[in-house]
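Participant: Just dropping this structure here.
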Amino acid sequence: MTGYQVLARRWRPQRFDDLVGQDVVVRTLRNALQSKQIAHAYLFSGLRGVGKTTVARLLAKALNCEKGPTSEPCGECVSCREIAAGSSLDVLEMDAASTRGIDDVRELRDVVRNLPIRDRYRVVILDEAHQLTKDAFAALLKILEEPPAHVIFILASTEKDKFPATILSRCLQIDFRPIPADLVAARLAHIAEKEAFELTFGAAQLIARATEGSLRDALSLLDRVRAFAGEMVDENAVAEVIGLPPFETVLALWQALESGNVAAALSLARAEEQSGRDAGALYEQLVQLLHALLLLATDPQVPTAFPATHRSALVESAVRLGSPLLLRLLTLALEGKGLVASADRVGVAVAVAVGRLALWPRLQRVEALLAGEPVSAVPPPSSSSSASVTAPPPSTPLSLGGRLAAALEAMGAHLLAGRVGSVREARLEGETLVLCCGALPAATRKSLREATDQLSAAAHQARLASRVQVDENGSPTQVRDQGLRTRVESDEDVKRVLEVFGGRLGSVEEKP
Ligand SMILES: [Zn+2]
């Protein structure tokens with residue numbers, strides 16, 4: 001009986017060229033190797049499963065290859081082969097999560113005191129290095145202060161901010177980015193082809209999006225789906241394994257929303273919760289569907305993560321609604337994600353978010369009304385102020401925050417997109433996009449603050465700004481708007497509009 005080797009292991013890149021989505025990392029290391037600028041300590045940071053340990057082993061090979069140090073390790077010499085197999089005596093892999101005490105670091109000191117047994121360097125790969133104790137960090141610092149010439153440390157970590165500054169300053173820091181969903185999906189498709197099993201485009205996309213930029217997680221999910229579905233991996237098999245609703249449910253929900261049928265939409269959301277599945281997952285799929293519709297509205301040929309059998313219905317829907325309206329619905333849906341992500345009772349939050357989306361035909365009428373266009377049965381407001389009810393007015397392009405959320409969504413960072421979607425106000429200060437987060441719950445503010453790097457990367461990619469800053473004070477506009485808001489809230493016509501349509505006051509602004 002032959003054992004099954006998991007895909008992540010079998011397809012672990014053995015050459016720098018095989019790495020997916022880490023071009024900057026690879027170029028940096030290759031340049032360093034070519035110019036023999038080799039640091040004594042490296043810190044590889046980034047999300048789990050994006051290639052840190054893989055690159056650490058490749059770097060060890062590059063340093064110890066018989067033909068090295070080289071930017072292209074041969075992969076064939078004894079040293080290269082032993083490192084690939086994890087059996088090289090000169091390359092030590094330690095997991096700080098399990099060996100975090102001072103004794104292990106003393107052990108480490110003894111190990112680094114000895115010369116390499118056969119190769120050029122002793123390479124110490126310390127995984128999850130942020131989990132070292134304070135004492136262990138102190139001992140490591142002692143080593144790094146006067147590193148022996150034959151020792152190279154490679155620290156890998158998902159939490160760079162937990163390292164003492166003294167350690168950071170002695171490491172060459174290399175940041176690993178989350179791998180874009182499209183690259184992960186393409187890699188899955190490539191592997192499926194080589195392994196000769198069927199993987200639909202939509203299934204690869206679903207797996208890539210569900211695992212948020214981690215290739216290792218994507219491969220292990222693919223292992224699980226294969227174990228369940230055999231040689232034919234399609235969207236429904238993936239959905240079943242990860243507990244997503246069947247696509248038919250997502251489509252039914254969308255059809256209820258499209259026709260403005262609030263009762264049907266809410267009852268679908270409730271049924272999903274009662275079935276024991278996660279209602280939040282249904283909502284997430286709905287957001288993905290809206291995103292797909294938006295893409296289809298601009299290009300009916302674009303591939304989507306949904307089953308091919310429903311494609312023509314989706315294209316028809318997308319073309320009929322058009323991209324401006326779909327953009328607004330997606331913005332509204334992303335705001336709902338913020339609500340769902342931060343809610344204690346997910347079912348209730350999903351009901352509210354779905355209910356708001358289902359009201360969109362009425363919101364359209366309120367907007368028309370507020371813009372001064374005649375709408376039957378309700379008198380136009382006489383206030384000189386304009387108020388928008390939950391959705392931005394038709395002439396307003398997507399807000400800065402909305403564009404950033406859309407960029408994150410496109411990168412596969414769904415949770416973060418939801419959080420940015422709940423930011424009410426954003427402004428540009430030179431090259432910096434400032435998110436005004438004063439009004440958000442503390443937990444959301446913290447998550448946003450901790451994701452500043454990722455936010456900046458998304459803003460940069462979407463050509464919005466060079467960096468993002470999270471401002472946690474109350475915004476000047478909020479303070480200024482307060483008076484105006486009170487005035488609008490007490491306006492009889494506005495009151496009546498809100499009463500008739502069951503809406504709520506979103507943002508308030510003065511017309512110039
Ligand atoms: Zn070699």
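The values are calculated or read from the model by the stated rules, or taken from the named source; none is laboratory data. Just so you know, these numbers come straight off a predicted model, no measurement behind them. Here Cβ is always computed from backbone atoms with ideal geometry, including for glycine, and neighbour counts include all displayed protein chains.
Participant: Read through the list (1) within 21 Å of T249 (Cβ to Cβ); (2) in a helix (DSSP H, G or I); (3) of a type outside the set (S, T, Y), then give the number of the only condition that F306 fails.
Facilitator: (2)
Participant: OK, next. For the range 123-137, what are the residues that are small (G, A, S) and under 15 Å from E107 (Cα atoms)?
Facilitator: Applying the first criterion (small (G, A, S)) to the range 123-137 yields 129, 136.
Answer for the range 123-137, where residues must be small (G, A, S) and under 15 Å from E107 (Cα atoms): just A136.
Participant: Could you tell me which residue of the range 455-471 is modelled with the lowest pLDDT, considering only residues that are touching a Leu at 6+ places or on another chain (Cβ under 9 Å) and of a type in the set (G, A, S)?
Facilitator: Per the criteria, the residue is A462.
Participant: Evaluate the range 181-193: report whether one residue or more is at pLDDT below 95 and not in a helix (DSSP H, G or I).
Facilitator: The answer is no, given that none of the residues of the range 181-193 is at pLDDT below 95 and not in a helix (DSSP H, G or I).
Here's the yes/no breakdown for (1) on the phi > 0 side of the Ramachandran plot; (2) in contact (Cβ under 8 Å) with a residue 12 or more places away in the chain; (3) more than 18 Å from the chain's Cα centre (by Cα):
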site: I179; (1), (2), (3): no, yes, no
site: A185; (1), (2), (3): no, yes, no
site: H190; (1), (2), (3): no, no, yes
site: G213; (1), (2), (3): yes, yes, no
site: L219; (1), (2), (3): no, yes, no
site: A227; (1), (2), (3): no, no, yes
site: D234; (1), (2), (3): no, yes, yes
site: V238; (1), (2), (3): no, yes, yes
site: V241; (1), (2), (3): no, yes, yes
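Participant: With respect to V302, determine if the residue is within 24 Å of A192 (Cβ to Cβ), surrounded by 15 or more Cβ atoms within 10 Å (Cβ to Cβ) and over 21 Å from the mean Cα position of the chain (by Cα).
Facilitator: no
Participant: Please identify the pairs in which a residue from the range 419-435 that is within 26 Å of V340 (Cβ to Cβ) has its Cβ atom under 6 Å from the Cβ atom of a residue that is polar (S, T, N, Q) and in a strand (DSSP E or B), counting only partners at least 6 apart or on another chain.
Facilitator: V434/Q469
Participant: Ok, one more. Report, by residue number, each residue of the range 437-476 that is of a type in the set (A, V, I, L, M, F, W, C), buried (at least 16 other Cβ atoms within 10 Å of the Cβ) and part of a loop (DSSP other than H, G, I, E, B).
Facilitator: Matches in the range 437-476: C437, L440, A451, A462, L464, A465.
Participant: Return the pair list, or none, for Cβ contacts closer than 8 Å from residues in the range 441-466 that are outside the structural domain of D344 (by TED's automatic domain parsing) to residues that are among the β-branched types (V, I, T) and surrounded by fewer than 16 Cβ atoms within 10 Å (Cβ to Cβ), at least 6 apart or on different chains.
Facilitator: A465/T432; S466/T432
Participant: Kindly provide the set of residues from the range 122-155 that are β-branched (V, I, T) and under 12 Å from V91 (Cβ atoms), ordered by number.
Facilitator: Within the range 122-155, V123, V124, I125, V151, I152, I154 qualify.
Participant: May I pose another question? Please indicate, with yes or no, whether at least one residue in the range 419-436 is within 15 Å of the chain's Cα centre (by Cα), under 21 Å from G46 (Cα atoms) and not β-branched (V, I, T). Give the steps one after another, and end with the answer.
Facilitator: First, the residues of the range 419-436 that are within 15 Å of the chain's Cα centre (by Cα): 419-421.
Filter again for under 21 Å from G46 (Cα atoms), leaving 419-420.
Right, trim to not β-branched (V, I, T) and you get 419.
Within the range 419-436, one or more residues are within 15 Å of the chain's Cα centre (by Cα), under 21 Å from G46 (Cα atoms) and not β-branched (V, I, T).
Participant: Among the helices (runs of 4 or more DSSP H) lying completely within the range 19-119, list those that include at least 3 residues that are loosely packed, with under 15 Cβ neighbours inside 10 Å and more than 13 Å from the ligand (Cβ to nearest atom). Working first, answer last.
Facilitator: Numbers: elements: 23-34, 52-64, 78-85, 102-113.
Where helices (runs of 4 or more DSSP H) fall fully within the range 19-119 and carry at least 3 residues being loosely packed, with under 15 Cβ neighbours inside 10 Å and more than 13 Å from the ligand (Cβ to nearest atom), they are 23-34, 102-113.
Participant: Which of the numbered conditions does D344 fail, given that it passes all the others? Conditions: (1) at pLDDT below 80; (2) assigned to a loop (DSSP other than H, G, I, E, B); (3) under 26 Å from L282 (Cα atoms).
Facilitator: Every condition holds for D344 apart from (1).
Participant: Cβ contacts < 8 Å: first residue over 14 Å from P116 (Cα atoms) and in contact (Cβ under 8 Å) with a residue 60 or more places away in the chain, restricted to the range 54-70; second residue within 9 Å of the ligand (Cβ to nearest atom) and part of a helix (DSSP H, G or I), any location; separation 6+ or different chain. Result?
Facilitator: R57/I83
Participant: Scan the range 229-246 residue by residue and report those that are in contact with an Asp or Glu (Cβ under 7 Å, 6 or more places away or on another chain) and surrounded by fewer than 21 Cβ atoms within 10 Å (Cβ to Cβ).
Facilitator: As a first pass, look at the range 229-246 and keep what is in contact with an Asp or Glu (Cβ under 7 Å, 6 or more places away or on another chain): 231-233, 243, 245.
Those that are in contact with an Asp or Glu (Cβ under 7 Å, 6 or more places away or on another chain) and surrounded by fewer than 21 Cβ atoms within 10 Å (Cβ to Cβ): E231, M232, G243.
Participant: Okay, moving on. Residues of the range 1-35 being aromatic (F, W, Y) and in contact with a Pro (Cβ under 9 Å, 6 or more places away or on another chain), which ones?
Facilitator: F16 - this is the single residue of the range 1-35 that is aromatic (F, W, Y) and in contact with a Pro (Cβ under 9 Å, 6 or more places away or on another chain).
Participant: Something else now. Considering only residues that are in contact (Cβ under 8 Å) with a residue 60 or more places away in the chain and β-branched (V, I, T), look in the range 142-166 and name the one that is farthest from R57 (Cα to Cα).
Facilitator: Within the range 142-166, the match that is farthest from R57 (Cα to Cα) is T158.
Participant: May I pose another question? What about A318, is it part of a helix (DSSP H, G or I) and in contact with a Pro (Cβ under 9 Å, 6 or more places away or on another chain)?
Facilitator: Spelling it out, A318 is indeed part of a helix (DSSP H, G or I) and in contact with a Pro (Cβ under 9 Å, 6 or more places away or on another chain).
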